[in-house]
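Single-structure report; data block below.
Computed from the coordinates by the stated procedures, all read-outs in this text should not be read as laboratory data. For clarity, every value in this text was computed on a predicted model and none was experimentally measured. Note: ideal-geometry Cβ built from the backbone for every residue, glycine included; neighbour counts use all protein chains shown.
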Amino acid sequence: MKPTRTSYSALTTFENCPAEYAFSYLSGERIDNSSPASRRGTRLHLACENFLNGKLPFAQLPVELYPIRDFLSIYKQLEAKAEEVWLVDRDWNIQYPHEEDENTLIKAVVDIHYVLDGSLYVIDLKSGKEYPEHKDQLQLYAVMGLLKYPNVSQVVTSALYLCGVGEVTTYTRDQLDGLKVFWNARALLQLNAKSYSATPSASACRWCAYAKSKSGPCEHG
């Protein structure tokens with residue numbers, strides 16, 4: 001059945017290659033393409049979540065997180081919330097997780113966030129390299145954050161890499177209406193699509209689990 005809501009991952013999969021999106025989300029033949037790097041990322045995200053929620057002592061943080069453990073300690077002192085589900089409906093109203101229904105438009109799982117001095121801070125943990133799309137993802141979370149926390153004046157976003165904090169970007173409430181229009185258009189373009197043609201390229205097909213070279217259902221790659 002065709003999904004009625006999207007996420008940043010689903011949206012960007014569609015934008016990069018509609019065929020890959022169809023295979024992953026519509027056909028029912030989704031292939032587990034998890035790599036050692038992605039499994040490592042899942043493990044480190046869980047460790048951060050457990051640390052911030054008081055379920056994992058500081059001394060038991062995985063060694064890969066040692067370079068950023070001081071940041072994690074500060075976030076814990078600030079009572080940051082970890083891995084929280086945020087939802088907006090098609091009228092761009094915030095929903096609570098138990099309210100998710102056919103009117104839900106976007107779902108996000110926000111790694112780390114906290115409010116301090118009238119600002120909302122949103123941090124996305126990245127266990128790999130820095131890519132431009134990380135800032136794009138955080139912009140979506142900023143829009144949702146401005147809706148979820150109506151009393152904050154701005155959202156300060158950054159990715160937290162294993163080598164430290166990446167680029168810091170601030171979004172103000174004055175930008176909210178324009179950003180809602182931008183993300184609404186992107187989401188509806190994906191959800192209302194009627195065709196899903198492949199957009200093959202050497203680099204994209206190389207990593208695609210559905211490529212012909214990997215005995216997948218796609219005629220490309």
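Quick notes on this one:
- Annotation for the range 132-150 versus the range 47-97: alpha-carbon center distance of 16 Å.
- Bridging of residue 129 to aspartates and glutamates at a Cα separation below 19 Å is possible for 64, 111, 167, once same-chain residues fewer than 8 apart are set aside.
- Computed 3J(HN,Hα) for the range 62-76, one whole-Hz value per residue from the Karplus formula 6.51 cos²θ - 1.76 cosθ + 1.60 where θ = phi - 60°, is x, 4, 5, 8, 3, x, 10, 5, 5, 4, 4, 5, 5, 4, 5, glycine and proline marked x.
- In this Cβ point-charge picture (+1 for Lys and Arg, -1 for Asp and Glu), the chain has a dipole of about 560 debye about its Cα centre.
- The calculated FRET efficiency for the pair residue 35 and residue 169, based on their C-beta separation and a Förster distance of 25 Å, comes to about 0.30.
- In order along the range 176-186, the Karplus-derived 3J(HN,Hα) couplings, from 6.51 cos²θ - 1.76 cosθ + 1.60 at θ = phi - 60°, round to 4, 4, x, 5, 4, 4, 4, 6, 5, 5, 5 Hz, and Gly and Pro are given as x.
- Most positive-pole-ward Cα, 110, 28, 121, against dipole of the range 8-214 from beta carbon charges: 28
- Taking Lys and Arg as +1 and Asp and Glu as -1, the other residues whose beta-carbon sits under 10 Å from that of residue 5 total -2.
- Per principal axis, descending, Cα span of the range 23-173 in whole Å: 46, 44, 31
- Contact order for the chain, expressed relative to its length and based on alpha carbon pairs under 8 Å spaced 6+ residues apart, stands at 22 percent.
- For the chain, the share of DSSP beta bridges that are antiparallel, to the nearest 5, is 70%.
- P(r) tail fraction, the range 14-109 - alpha-carbon pairs more than 17 Å apart, %: 67
- Ratio Rg/Rh, restricted to the range 4-68 and using Cα atoms, in which Rh is the Kirkwood radius: 1.14
- Highest average first, the peptides 54-62, 101-109 ordered by how many other beta carbon atoms sit within 10 Å of their residues are 101-109, 54-62.
- Helix axis angle, 133-148 relative to the chain longest principal axis, alpha carbon, degrees: 60
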